[in-house]
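Read-outs throughout are calculated quantities, based only on the coordinates presented, and are distinct from any laboratory measurement. The model shown is predicted, which means the values in this text are computed figures rather than measured ones. Reconstructed Cβ throughout: ideal geometry from the backbone, glycine too, with neighbour counts over all protein chains shown.
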Amino acid sequence: MLLKTRYMILRKIPYQESSLVVSGISPDFGRLDFLLKGARSSGGKKFPYAGLFRELQVEFRENPSGSGLLYMKTHEPLADFDAIASYPENYLQLCDWVQFLLKHTRPMLELHDTYSALRTALSRLTRPGGGEFQLTAAKLVFLQESGFVPDPPQDDPQRAAALEKLLTYATDPEQTEPAFSPEYRTKLIEWIRSLCRYADSF
């Protein structure tokens, strides 16, 4: 049976003389790794969208074993975020986050909120401005969706409201950045870093 989903390419590795192995995530099936035969052969028409941080609509056949490389049946370009290369600091911070994301995602597990947050962060990181807070928001969404974020204390409604604002900002590109004080932003960033370190210990 053919499966269809959106897919964001997060890593690509040369394979043999003319092929690529690409890794990325989809909202419907989590992490997916594809073998793209002939993707590196001369002539861009072969697979013009096999680039980092490019979004595709893909069709693929499910692997009965649930692991290993998949074969992409069809692909259609949806969006590219090549402009992030113009902002090296944003690009490097994103690469660090992507490495963590690929390490902690698995095939055939839905990641709708994480995918939305990643796409939103990419759109923001292709513009001038620091990327740390945008990525912090995206990280919180993944940690929340993966069960690593503890519920706020019942006697601290302000913290619960702040987290809700940050989660909404992370997944909605139309939302403006929450008006947190510099001190509170610093605390949030450090807290989410500590949750990432905790998740990384598993």
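For residue 62, nonlocal amide neighbours, meaning residues 5 or more places apart or on other chains whose placed amide H falls under 5 Å from its own, are 3.
For region 163-169, 3J(HN,Hα) computed residue by residue from phi via the Karplus equation (6.51, -1.76, 1.60; θ = phi - 60°) reads 5, 5, 4, 5, 5, 5, 4 Hz, glycine and proline entered as x. Ranking 84, 131, 116 by how far each Cα lies toward the positive end of the dipole of region 64-156 (charges on Cβ) leaves 84 at the top. Round to the nearest 0.05 the FRET efficiency obtained for residue 11 and residue 184 when R0 = 45 Å and r is the Cβ-Cβ distance. So the FRET efficiency works out to roughly 0.85. Scanning residues 5 or more positions from residue 146 or on other chains, none has an amide H under 5 Å from its amide H, with H placed 1.01 Å from N in the peptide plane.
Taking the C-alpha atoms only, the angle from helix 112-125 to the longest principal axis of the chain is near 90 degrees. Gain on full extension, evaluated as 0.36 nm per residue between residue 197 and residue 172 minus their Cα-Cα distance, stands at 6.4 nm. Positive contributions from Lys and Arg (+1) and negative ones from Asp and Glu (-1), summed over other residues with Cβ under 10 Å from the Cβ of residue 117, come out at -1. Phi angles of region 22-31 translate, via the Karplus equation with coefficients 6.51, -1.76, 1.60 and θ = phi - 60°, into HN-Hα couplings of 10, 10, x, 10, 10, x, 8, 10, x, 6 Hz per residue; Gly and Pro are given as x.
For region 79-185, the share of alpha carbon pairs falling in successive 10 Å distance bins from zero is 14, 44, 33, 8, 1 percent. Amide H to amide H, with H built 1.01 Å from N, residue 31 comes under 5 Å of 26, 106, 108, 109, counting only residues 5 or more places away or on other chains.
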